[in-house]
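Shown next, in structure tokens, is the structure this report addresses.
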């Protein structure tokens, strides 16, 4: 495997292994039977595009809003955002969302740039419910602009007291003539503050719990909607807390049927939860590349760090974690593309890939030693990038509950 020349550490620069050094493993995986020829061609194209256009952008940024806006435009112009849109009539790459394609894009972008992965993922997540449940007018109005990068989308589900327990959300949508009036808050909303519209889930009260939730498309300039707070996190991304104070939207903003918003949210997450696992895989592959570079080049005690058996064992464990994650990710993606329910498989993939990536990245930091925790080092940036993936779109503990409950449900069905 090709290794880059190391820079002089005395200049206070840290040598970053080229993300391309993991391309061999990535392209080897494309030969697996989960993929069709179109996926192999897509994998090669996105890898080449990312290498040319992204360089290394894992490093910290001072203006993430501007960078995310630029990345959305560039991803749209290159055609990559089309893969997160369902329907060629609305700018999508196909009639349905190709889960394997979305996962390949996210894995590759995450390997090159955490913010580029974020930009692509949030476009798909923010518009996914419109692809799945929107009417013709809604799809025509919003989806082509999302696909081209002209409009930035956001998915507004989480609330201060409704995170993992989505059915507990309290933001209300009250009917008033030909409108709905929204009151309440959303928080930890990705693209909050830069989005042009939000898909908002609110309680309309048709029934208790999850059956009384509906979805709405709310334009960012709607009177009564304001950015209450911008949220800073360890890996800089645009996030915000939203406040709705008598925010009035027309009845035409209702997305799908009243009371079916929870189902729509879960269908959307079923697509993009697997892609979170793919992004975790991309981060892990980059960390593996960094770890190998360090092991092969670091001199100590008359040999290289890689000559020690402890180092070789660590690298082997990293490889095992990455390969098992990849198999789980693309099994789930393949099954969904076959029209199968993937609730259990997507949960397993996200659980294993995000937790495994944390372990792989931590091991890479350990291999880099003191240089690995220096601000701006690739492994230091990866360490901060991966942490949120173990929480958002269903924390690891939630994935464990999903798997356990699904196993018991299947057992009960077999014995009924």
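Determine which member of the set 48, 89, 78, 110 is surrounded by fewer than 24 Cβ atoms within 10 Å (Cβ to Cβ), farther than 25 Å from residue 218 by Cβ and touching a helix residue (DSSP H, G or I) at 6+ places or on another chain (Cβ under 9 Å).
Every option except 78 fails the conditions.
Could we say that residue 217 is in contact with a helix residue (DSSP H, G or I) (Cβ under 8 Å, 6 or more places away or on another chain), part of a loop (DSSP other than H, G, I, E, B) and under 20 Å from residue 141 (Cα atoms) here?
So residue 217 does not fit the description; no.
Against the condition assigned to a helix (DSSP H, G or I), surrounded by fewer than 14 Cβ atoms within 10 Å (Cβ to Cβ) and either modelled with pLDDT of 95 or more or touching a strand residue (DSSP E or B) at 6+ places or on another chain (Cβ under 7 Å) (or both), how does residue 404 come out, does it pass?
yes
I'm trying to understand the selection: among the residues of segment 176-191, which are assigned to a strand (DSSP E or B) and either under 26 Å from residue 72 (Cβ atoms) or free of Cβ contacts under 8 Å to residues at least 40 places away in the same chain (or both)?
182, 185, 186, 187, 188, 189, 190, listed by residue number.
Of the conditions (1) under 30 Å from residue 100 (Cα atoms); (2) at pLDDT 95 or above; (3) not in a helix (DSSP H, G or I), residue 281 satisfies every one except a single condition; which number is it?
Checking residue 281 against (1) under 30 Å from residue 100 (Cα atoms); (2) at pLDDT 95 or above; (3) not in a helix (DSSP H, G or I), the one that fails is (3).
Does residue 394 satisfy the condition of being outside any helix (DSSP H, G or I), within 20 Å of the chain's Cα centre (by Cα) and touching a residue at least 12 places away in the same chain (Cβ under 8 Å)?
When the stated conditions are applied, residue 394 passes them.
Out of segment 220-236, which residues are in a loop (DSSP other than H, G, I, E, B), surrounded by 15 or more Cβ atoms within 10 Å (Cβ to Cβ) and more than 25 Å from the chain's Cα centre (by Cα)?
Matches in segment 220-236: 222, 224.
So which residues in segment 31-51 are more than 21 Å from the chain's Cα centre (by Cα) and in a loop (DSSP other than H, G, I, E, B)?
Correct list: 31, 32, 33, 36.
Specify the residue that is surrounded by the fewest Cβ atoms within 10 Å (Cβ to Cβ); the eligible residues are those in segment 305-315 that are outside any loop (DSSP other than H, G, I, E, B) and either touching a strand residue (DSSP E or B) at 6+ places or on another chain (Cβ under 7 Å) or at pLDDT below 90 (or both).
307
Does residue 300 qualify as being closer than 20 Å to residue 126 by Cα, surrounded by fewer than 16 Cβ atoms within 10 Å (Cβ to Cβ) and modelled with pLDDT under 95?
So residue 300 does not fit the description; no.
Would you pick out the residues in segment 360-391 that are within 19 Å of the chain's Cα centre (by Cα), over 24 Å from residue 166 (Cα atoms) and either outside any helix (DSSP H, G or I) or without any contact (Cβ under 8 Å) to a residue 60 or more places away in the chain (or both)?
383
Among the helices (runs of 4 or more DSSP H) confined wholly to segment 52-154, which include 2 or more residues that are farther than 30 Å from residue 29 by Cβ?
Answer list for segment 52-154: 64-78, 114-133, 136-148.
Looking for whichever is in contact with a helix residue (DSSP H, G or I) (Cβ under 8 Å, 6 or more places away or on another chain), modelled with pLDDT of 95 or more, over 28 Å from residue 293 (Cβ atoms) and surrounded by 15 or more Cβ atoms within 10 Å (Cβ to Cβ) here; the options are 336, 331. Which one fits?
Checking each option against the conditions leaves just 331.
Can you find even one residue in segment 286-302 that is closer than 30 Å to residue 206 by Cα and part of a helix (DSSP H, G or I)?
no
The values are calculated or read from the model by the stated rules, or taken from the named source; none is laboratory data. The structure displayed is predicted, hence computed values, not measured ones. Note that we place each Cβ from the backbone using ideal geometry, even for glycine, and neighbour counts take in every protein chain shown.
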